[in-house]
Structures are given as C-alpha cells and as structure tokens.
Amino acid sequence: MFEHLKRDIEAAIKNDPAAKSKWEVFFTYAGVKALYHYRIAHAFYKRGHYLIARIISQRARRKTGIEIHPGAKIGEGLFIDHGSGVVIGETAEIGDNVTIYQGVTLGGTGKDVGKRHPTIGNNVMISAGAKVLGPVKVGDYSKIGAGSVVLKDVPPHSTIVGVPGRVVRMYGERFKDLDQKLPDPILEEFARLNKRINTLEEMLGVNACKYSISNEIEPSEPNGKHTKN
C-alpha cells in the first residue's frame with residue numbers, strides 16, 4: 001500500500017513542474033488522494049467486500065471529483081493531473097507510468113458484458129477530455145489527443161486525434177493510412193470537396209494548398225470502394 005503511494009507521489013512530482021514537495025502532493029493533489037482511496041477500496045473489492053469498496057470509492061469521488069471503480073486494475077506510477085471529471089470503469093486496466101488529464105473517461109459502450117472497459121498499456125498519455133470506450137487496447141507509449149474518442153485498438157507508439165480517433169503518427173512518423181473500419185463521413189465529404197476544388201484550381205492554373213486533407217484520404221462509396229472525380 002505505502003509502496004504504491006510512494007510511486008504515485010513520485011509520478012506526480014516527475015510529471016508536474018508545479019509540485020514543490022512530497023507533502024504538498026500528498027495533502028493537496030486530488031489525483032493522489034483518489035488513488036490512495038482506490039488502493040484501499042480495491043483491497044476490499046478483491047476480498048469480496050463489494051459494498052465497503054463502493055462506499056470508499058464514492059466517498060473519494062465526492063471529495064476529489066474523480067471516480068475510480070474499485071474493481072479496476074491500476075499499475076504503479078499513474079499520474080492524474082487536475083483530475084476533475086475523470087472516470088475509470090470496473091473492468092478497466094491501466095499499466096505503469098500512465099498520465100491522465102482532467103475529463104478523461106475510460107468507460108464502456110453500454111452493450112458489452114464481461115470485459116467492457118479499456119486496457120491501457122505502459123507509458124501512455126491520455127489528454128484532457130479524451131474518451132476511450134469499450135474493451136479496446138491502447139498500446140505502450142501511445143498518446144491520445146485532447147477531446148478524442150477512441151473506439152478501436154491503438155497500436156503501440158501511436159498518436160491518436162479526432163472523433164472518432166485516427167492514427168496520425170506512429171513511431172514518430174506521420175501515418176498516411178487513415179482507412180479506418182469506422183466510417184468518418186464528414187471527413188470523407190471534406191476530402192471529396194477538396195479534390196473537386198483541386199481539379200478546378202488545376203484547370204485555372206492556381207496552386208492548391210499543400211496542406212489539403214484531400215492528399216490524405218480518398219472519399220469512398222457506401223460499398224467501401226474509393227472513388228475518383
């Protein structure tokens with residue numbers, strides 16, 4: 001218990017330049033308080049004392065604004081920055097040295113049973129307001145951008161942005177293939193319009209914008225086949 005607390009405090013000091021001392025972190029950081037209560041609640045949960053575990057977790061939620069289900073599995077060195085609005089579901093699993101910012105949800109989709117919450121790898125960063133939903137896996141060293149909604153597995157060493165979340169970088173390199181299983185009709189419509197504009201610009205001899213998304217994604221038909229103008 002105390003070893004976990006020590007690692008949680010060290011993670012806060014390492015990741016937050018505003019932290020001045022271990023005592024400050026222990027007494028004033030909502031994320032550390034929430035984790036401290038979670039460790040106690042989780043111990044009761046593993047022993048089958050579910051009511052006591054839930055009472056402890058709900059008391060911590062009222063005090064910190066962070067809701068961590070006592071059934072979740074959390075590794076060492078988790079840093080919850082600011083923390084308000086963070087929700088971690090019952091079957092969620094979090095690896096070591098993970099950073100989570102305010103407003104993050106590790107939740108279910110409402111239709112899964114059994115394992116219905118995400119599995120987060122080691123050294124992952126989940127930015128403010130991001131939602132990771134369902135029994136998806138987020139690979140080690142990945143980053144999820146602010147406000148993103150992740151509904152499918154994330155490869156290791158990837159950067160995810162958007163709604164729904166798309167891979168934009170992998171191992172530090174820009175990721176070209178945005179052909180995701182989940183459709184993104186708005187992006188595809190923008191891409192189609194950009195390609196038509198590009199054709200008109202070529203006819204008029206006007207230089208197209210080099211940052212156009214039409215260079216990144218091909219609009220598709222309902223049957224999944226790519227189309228050309």
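The values are calculated or read from the model by the stated rules, or taken from the named source; none is laboratory data. All values reported here derive from a predicted model rather than from experimental measurement. Neighbour counts run over all protein chains shown; Cβ positions are idealised from the backbone, glycine included. What goes into the accessible areas is simple: the full protein's heavy atoms, side chains included, and nothing from ligands, DNA or RNA. Shrake-Rupley method; radii C 1.70, N 1.55, O 1.52, S 1.80 Å.
Within the stretch 85-118, the set of residues being among the polar types (S, T, N, Q) and within 15 Å of the chain's Cα centre (by Cα) comprises Asn97, Thr99, Gln102, Thr105, Thr109. Per this entry, Lys63 is counted among residues that are in contact with a helix residue (DSSP H, G or I) (Cβ under 8 Å, 6 or more places away or on another chain), farther than 18 Å from Val132 by Cβ, open to solvent by 60 Å² or more (accessible area, probe 1.4 Å) and of a type outside the set (A, V, I, L, M).
Would you point out which residue out of Arg61, Arg54 is of a type in the set (Lys, Arg) and closer than 29 Å to Pro17 by Cβ? When all the criteria are applied, what remains is Arg61. Against the criterion of being surrounded by 17 or more Cβ atoms within 10 Å (Cβ to Cβ) and free of Cβ contacts under 8 Å to residues at least 60 places away in the same chain, Ile68 qualifies.
Only residues that are without any contact (Cβ under 8 Å) to a residue 40 or more places away in the chain and surrounded by fewer than 21 Cβ atoms within 10 Å (Cβ to Cβ) were counted in the stretch 106-120, giving 10.
For the stretch 121-135, the tally of residues that are open to solvent by less than 40 Å² (accessible area, probe 1.4 Å), under 16 Å from Val86 (Cβ atoms) and more than 8 Å from the chain's Cα centre (by Cα) stands at 3. Taking the criterion of being surrounded by 19 or more Cβ atoms within 10 Å (Cβ to Cβ) and part of a strand (DSSP E or B), the residues of the stretch 71-88 that qualify are Ile74, Phe79, Ile80, Ile88. Looking across the stretch 136-160 at every residue that is open to solvent by 60 Å² or more (accessible area, probe 1.4 Å) and at positive phi, the one that is nearest to the chain's Cα centre (by Cα) is identified as Tyr141.
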